[in-house]
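Worksheet for the structure shown next.
The values are calculated or read from the model by the stated rules, or taken from the named source; none is laboratory data. This structure is a prediction, so every number in the text was calculated from the model and none was measured. FYI the Cβ positions are ideal-geometry reconstructions off the backbone, even for glycines, and counts take in every protein chain you see. Each accessible area value is taken on the protein alone, full model and side chains, heavy atoms only, with ligands, DNA and RNA left out. Shrake-Rupley method; radii C 1.70, N 1.55, O 1.52, S 1.80 Å.
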Amino acid sequence: MNRRTSLAAGATATLVALTLTACAPSTGSPEPGGAAGQGCDGDTVALDVWSWRTEDVKTYEKIFDVFEEANPCITVNFQAHLNTEYDQILRTGLTGSDGPDIAQVRSYGLLQPLVEGGNLEPLEDLVPALGEFDDAILDGARGREDGAVYGVPLASQTIQVYYNTAIFEENGLEEPETWDDFVALNDKLLGTDVTPLAVGARDGWFVPTVHDALTSAQYGGADFQQALRDGDTDFTDPAYVDSIQTLKDLQKYMPEDVTGVAYTDAQVLFTSEQAAMFAGGSYELAFFQEANPDLGLGVFQVPPPPGAALDHPVSPGYADGNWGLSAATEHPEEAETLLNWLATPEFGQLVADELKQFSPIPGVEFSDPIQQEMWDLYQENPAPYLLLVDYRYGDPVGTDLMGEAGQKLFLGDADAEQAAGIIQDGLSAWWTPGE
């Protein structure tokens, strides 16, 4: 068994173990003699906290131990549900008697159904620290109609390309400075025993992430976003069509039958060192490092091709998730105590250190050098993760449309112009440029 085969088997086993662990809900009350409950003068209240981050169950349990130690009359039952099923499970839970007291809720457009349904409480008066958050971050937690804040922001995410430093060194490769450099290194990797780009397009939600990681600068990033908002263009714009064509052109560097490859398969390809690069979010970092602690990681922004709308690379980014208070909670005082802790620098630093996430809480620092590099790249050249930030306020949502269009593109069932048309036609059901 060679080195990479051994690593592949180990990483796959690790992923299976993590998945099995993550799918098991929190057991609830602590073991006798545990920290929570010690020193409590009255009854202990258990708060149910829900999330879609099955990968992070053990870490969140560790983080909430810190809260429980300081608040001995409150225990936190952290439960994670499968990402693709979470939204429906949460909607049902918030309208019933068995739902969470506090839940991770989505941002921007996907938050709105919960707000409009009266399932969440506005938080400005309950969590004073929200006044210290950046307005752009709070925009991901606002109700569209009333402008109230319905969540304590959890994290910001950036999108870029990760690469395996050992594979790059073995093949004499460096981070690309031009589009030609990027194409050349992919071409060179085609002649090796590794896949250049680990992409899983079976899960449609991941396709727009890959598209923006590779082509946001090509179609114009924030400039294109503003043109759409101003009504000066739409998604059939030639620059956007060209960016979709670029995604198709790069398919040859992805796994064969890429639409049959799941997102988790792509993760394993990368962590097992069978793929050299992974176009994805900053939220991958902790998982990559846990799945393969020996994995050498680097990150870069993809340089734009000749004729691109921008002459410099960018990192798309977005506000990712919030902590929302259920309007049906039976423990409002205890839930308010936890929500206020979720807005403290103590919690924010735990998010940064333990989850390797970009906490938006003022004063948080990033000790991991890769994490800091991703943040610095984003600060230098930010762009919106466009279809998530602006185009989830109606049905169908932009990211779903790009997932469908990208899958058809990869299968050869649509060309770039037709794929752009799928997005534009779908959004036209509820969106008009400039409105």
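Within the range 225-239, residues that are under 11 Å from Gly434 (Cα atoms) have Cβ atoms under 7 Å from residues that are of a type in the set (S, T, N, Q) and part of a helix (DSSP H, G or I) in these pairs: Asp234/Gln424, counting only partners at least 6 apart in sequence or on another chain. Against the criterion of being over 17 Å from the mean Cα position of the chain (by Cα), open to solvent by less than 20 Å² (accessible area, probe 1.4 Å) and of a type outside the set (D, E, K, R), Ala419 qualifies. Of the residues making up the range 150-184, those that are in a helix (DSSP H, G or I) and within 27 Å of the chain's Cα centre (by Cα) are Thr165, Ala166, Ile167, Phe168, Trp179, Phe182, Val183.
Total residues in the range 264-301 satisfying the condition of being open to solvent by 10 Å² or more (accessible area, probe 1.4 Å) and closer than 24 Å to Tyr240 by Cβ: the figure is 1. Has the range 344-353 got at least one residue that is buried (at least 24 other Cβ atoms within 10 Å of the Cβ) and of a type outside the set (D, E, K, R)? No, the range 344-353 contains no residue that is buried (at least 24 other Cβ atoms within 10 Å of the Cβ) and of a type outside the set (D, E, K, R). Within the range 110-136, the residues that satisfy the criterion of being buried (at least 21 other Cβ atoms within 10 Å of the Cβ), in contact (Cβ under 8 Å) with a residue 60 or more places away in the chain and not in a loop (DSSP other than H, G, I, E, B) are Leu111, Leu114, Leu120.
Return yes or no: is Glu373 in contact with a strand residue (DSSP E or B) (Cβ under 9 Å, 6 or more places away or on another chain) and of a type in the set (Asp, Glu)? Working first, answer last.
Working: in contact with a strand residue (DSSP E or B) (Cβ under 9 Å, 6 or more places away or on another chain): yes; of a type in the set (Asp, Glu): yes.
Answer is yes for this residue.
Cβ-Cβ distances below 8 Å connect the following pairs, each with a first residue in the range 289-312 that is more than 14 Å from Asp368 (Cα to Cα), a second residue that is assigned to a loop (DSSP other than H, G, I, E, B) and of a type in the set (Val, Ile, Thr), and a separation of six or more residues or different chains: Gln301/Val314; Pro303/Thr178.
Could you tell me how many of the residues in the range 39-88 are in a helix (DSSP H, G or I) and among the β-branched types (Val, Ile, Thr)? Steps first, answer last, please.
Within the range 39-88, the subset in a helix (DSSP H, G or I) is 54-70, 83-88.
From the residues that got through so far, the ones that are among the β-branched types (Val, Ile, Thr) too are 54, 57, 59, 63, 66, 84.
The total comes to 6.
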